[in-house]
Structure formats: C-alpha cells, structure tokens
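The values are calculated or read from the model by the stated rules, or taken from the named source; none is laboratory data. Just so it is clear, the structure is predicted and the values come from calculations on it, not from any experiment. Cβ placement follows ideal geometry from the backbone for every residue including glycine, while neighbour counts extend to all protein chains displayed. Areas reflect the complete protein model, heavy atoms only, side chains present, ligands, DNA and RNA absent. Shrake-Rupley method; radii C 1.70, N 1.55, O 1.52, S 1.80 Å.
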Amino acid sequence: RCALQISVTYTPACFADLIAREACHVGDRHGARRDTRRVVQSGYGHARNGRVSGTASIPERFEWDPTLPCRTAQLDVGTVAYTAIGSGPPVIFIHGYGDTLFTWRHQLRDLRNELQLYALDLIGYGYSDQPPIEYTVDTFISCVRQFMDALEIKSATVVGSSLGGAVALCLAKT
C-alpha cells in the first residue's frame, strides 16, 4: 500500500518488548525474535499506565524554530501536530519513545532545501491530542498511515528513532 524506504537508528534490546506486534516481529541486537503486544507506556509525562487524556495547546509556530509552522491533521483517534517544510521527495520523521518532533529540529533545518520534510508528534505526545486510549505500536502505525492518507502522501522515506524506528519497520512490513 505504501512504498517506504526506512532509516532506523539503533533500538536498544530493552525496548524489544514495546516495539513489535503480532504482524511485526522485530529481532533484538542478538538476533532473538520477539513477539510483543504490550501497551506502550510513555515516560514523557503525558501517558500514565498506557492511558492519557487531554489536548495540548498548539502554537502557530515552534519557539525553537519560528520558520517551522505548526500544523495539525485529524485522525480517527484525535488530532496530531506536525510540521512540514521544503520541497522534493517526501521524508517523514517519527520520534522515539518519550520524545517529540523537536528531536528532528537539526534535520529539518539542514535538509529543508532538498526534500519535503514532515515531522509529527505521535498521538499522545507533544502537541498532539492525548485521548484516553491504549497506546500500542498498532496505534502508532495507524497514526502514521492515517497521517499519510490525510496529507495524500502516497510514498515516502520514513526515518525513525528508537520506538519511531520500530514503527517505521512495522509500516514497511504491513
């Protein structure tokens, strides 16, 4: 359904129980395959015991880079915040466990003249809605798929860090 190129940073073995699902078995650094279906518990301060509630106030621009507009996309589970800048082939950046799109500020600054860049706050993180749902890897995969559909992105290079890398791998596999 989506043509994806994947770039994944190292995901520690301690996240192996959080980053895979039935349809996406991920090997840890020792080659052991893990099948995990557990709820992702955010350490970012929003999610507690796999559930969060509320909506963050979304700024017009990010204080750490006023050239980046803060935009929103409506998904089935809520609204996600993202930024988009540049032109060229699309690249989607997915942040890691307990992080936000702020992680990608340097890449957004350095690559904006060559590529169409998208960085989003996954549902439950940063400026995105924090609905009272279970936060599983399936939730995040669906979030990125719906994000691509909402923005009519047919194919993209997907870059993920930590949990975002696992989401990217699972996206490519399904």
**Asked** Within region 123-137, is even one residue among the hydroxyl-bearing types (Ser, Thr, Tyr), under 18 Å from Val77 (Cβ atoms), over 9 Å from the mean Cα position of the chain (by Cα) and part of a helix (DSSP H, G or I)?
**Response** no
**Asked** Under 8 Å by Cβ, and 6 or more places apart or on different chains, what pairs join a residue from region 62-90 that is over 18 Å from Phe140 (Cβ atoms) and among the aliphatic types (A, V, I, L, M) with one that is open to solvent by 40 Å² or more (accessible area, probe 1.4 Å) and assigned to a strand (DSSP E or B)?
**Response** Leu68/Arg61; Ala84/Arg71; Ile85/Thr67
**Request:** Please go through region 135-154 and pick out each residue that is surrounded by fewer than 21 Cβ atoms within 10 Å (Cβ to Cβ) and within 13 Å of Leu117 (Cα to Cα).
**Result:** Leu151, Ile153
**Request:** Identify all residues within region 143-174 that are assigned to a helix (DSSP H, G or I), closer than 15 Å to Tyr125 by Cβ and out of contact with any strand residue (DSSP E or B) (no Cβ under 7 Å at 6 or more places or on another chain); write none if there are none.
**Result:** Leu163
**Asked** Does Ala84 satisfy the criteria of being open to solvent by less than 20 Å² (accessible area, probe 1.4 Å), in contact with a helix residue (DSSP H, G or I) (Cβ under 6 Å, 6 or more places away or on another chain) and in a strand (DSSP E or B)?
**Response** no
